[in-house]
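Okay, structure first, notes after.
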Amino acid sequence: QYFRETILNEIRKARELYTGMELSAELSRIQQRLDNVECLSVDVVINLLLTYRDIQDYESIVKLVETLEKLPTFDPMAHPHVKFHYAFALNR
């Protein structure tokens, strides 16, 4: 739980400090820290998706969801918000 909250706080801080490509790079750095599946939660994924959507980085949304689909312990398509943002990004 502590690691999830830490990652959520980092996403919030990145939204406040960075914009555009800098924010995309920071989110990529944060996303690389999600190698521990225990840190991965729906809240973290949705926050990442919303932030990518806000900066219109649709390619990163598609990559994130497709990477998550490969994980045996996390099914992104089971969550309606993830499914919606994935479809939205594919449409762009």
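Before moving on, here are some points about what is shown:
- Here region 9-92 has 50 percent of its accessible surface on carbon and sulfur atoms, given a 1.4 Å probe and all protein chains in place.
- Averaging 1/r over each pair of different alpha-carbon atoms in region 47-92 and inverting the result gives 10.4 Å, the Kirkwood hydrodynamic radius.
- Residue 57 sits with roughly 30 Å² accessible to a 1.4 Å probe, with DNA, RNA and ligands left out of the calculation.
- Area accessible to solvent at residue 88, 1.4 Å probe radius, in Å²: 50 Å²
- The C-alpha atoms of the chain occupy a region whose extents along the principal axes are 34, 32, 18 Å, arranged from largest to smallest.
- On a per residue basis, the chain carries 63 Å² of accessible surface, using protein heavy atoms and a 1.4 Å probe.
The values are calculated or read from the model by the stated rules, or taken from the named source; none is laboratory data. Quick caveat: nothing in here was measured; it's all calculated off a predicted structure. Heads up: the accessible areas ignore ligands, DNA and RNA and are worked out on the full protein's heavy atoms, side chains in. Shrake-Rupley method; radii C 1.70, N 1.55, O 1.52, S 1.80 Å.
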